[in-house]
């Protein structure tokens, strides 16, 4: 993989693109392929630029951690100044595309996402264990940006998608933080497992329960049908059960099970939402 492509965190960018696309598809009555493709391009650029800036700011911390020391900047594959310019340029390009080819609201949400991720969440990781909650806000904005691109406004459906995405990220990232808590400590990051192990387990279960509840909201606002209700309920119950297992047996393998369950949950729930 190209080191510059690696700076964009392709797997995260793919998730961002998919959630933005879901927001667009659910919001618009007149699908425009041109508008949709520009949304994908602008969203990818904004997300990739933010990821590059995040890696620039965390380059010294990443060099201390096993799971991140081979990233482009700490490994020496990309000069830090070039990574900074790449991140700024890609971010601005993404926002420009969203404003010009979609609308001002979509561009604003893209800019807000970059700002919150780079200038709030990134430094907060070294200050407070609440960083995951704060970081879930920019992570939940892409479907709202897609909705804004399609509808030209923020409607109730956009908030429902935001809430699902916000809550999904919490057990997902708590599981990752549990699995790599020692590595995060070496890197100087204040993740919740380093502050309160029992609190992490309780928070994982609580947010999984809240996610199950939030996933039912689309049915009350006309976004989901019977198939969605059944599927989202079963998937949500699965998340809760895996979180319960982690609570009663807090092992790395059980944390990995929560992580894998979350990776299955999100695409399935979003896929059920767009079923005719």
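Where a number appears in this text, it was derived from the coordinates with a stated rule and is not lab data. Everything quoted here is computed from the prediction, not taken from an experiment. So basically every Cβ, Gly included, is an ideal-geometry build from the backbone, and we count neighbours across all protein chains shown.
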Once the convex hull of the C-alpha atoms of the stretch 138-196 is built, how many Å³ does it hold per residue, rounded to a whole number?
-> 88
Would you mind pulling out the separation of the Cα centroids of the stretch 135-198 and the stretch 223-251, in Å?
-> 17
Value of relative contact order over the chain, rounded to a whole percent, pairs C-alpha under 8 Å and six or more apart | 19
Rg and Dmax of the chain, Cα atoms, in Å?
-> 18.5, 52
Which number comes out as Rg/Rh for the stretch 14-92 once both Rg and the Kirkwood Rh are worked out on C-alpha atoms?
-> 1.14
Give the Rg (one decimal place) followed by the Dmax (whole number) of the stretch 114-171, computed from C-alpha coordinates and expressed in Å.
-> 12.4, 38
Taking only the alpha-carbon atoms of the stretch 155-276, the convex hull volume per residue, in cubic angstrom, is 95
Determine Rg/Rh for the stretch 52-130; Rg is computed over alpha-carbon atoms and Rh is the Kirkwood hydrodynamic estimate from the same atoms.
-> 1.05
Computed, not fitted: 222 nm per-residue ellipticity of the chain from DSSP H runs ≥ 4 (each -39500 (n - 2.57)), nearest 500, equal to -23500 deg cm²/dmol
So residue 226 and residue 185, fully extended at 0.36 nm per residue minus their Cα-Cα distance, gain in nm 10.3 nm
Treating the Cα atoms of the stretch 66-193 as identical point scatterers in vacuum, please give the log10 of the normalised Debye intensity I(q)/I(0) at q = 0.13 Å⁻¹, two decimals.
-> -0.67
The stretch 1-154, Rg to Rh (Cα coordinates; Rh as Kirkwood inverse mean 1/r) = 1.00
Going by average Cβ neighbours within 10 Å, how do the peptides 256-262, 138-144 rank, with the highest at the top?
-> 138-144, 256-262
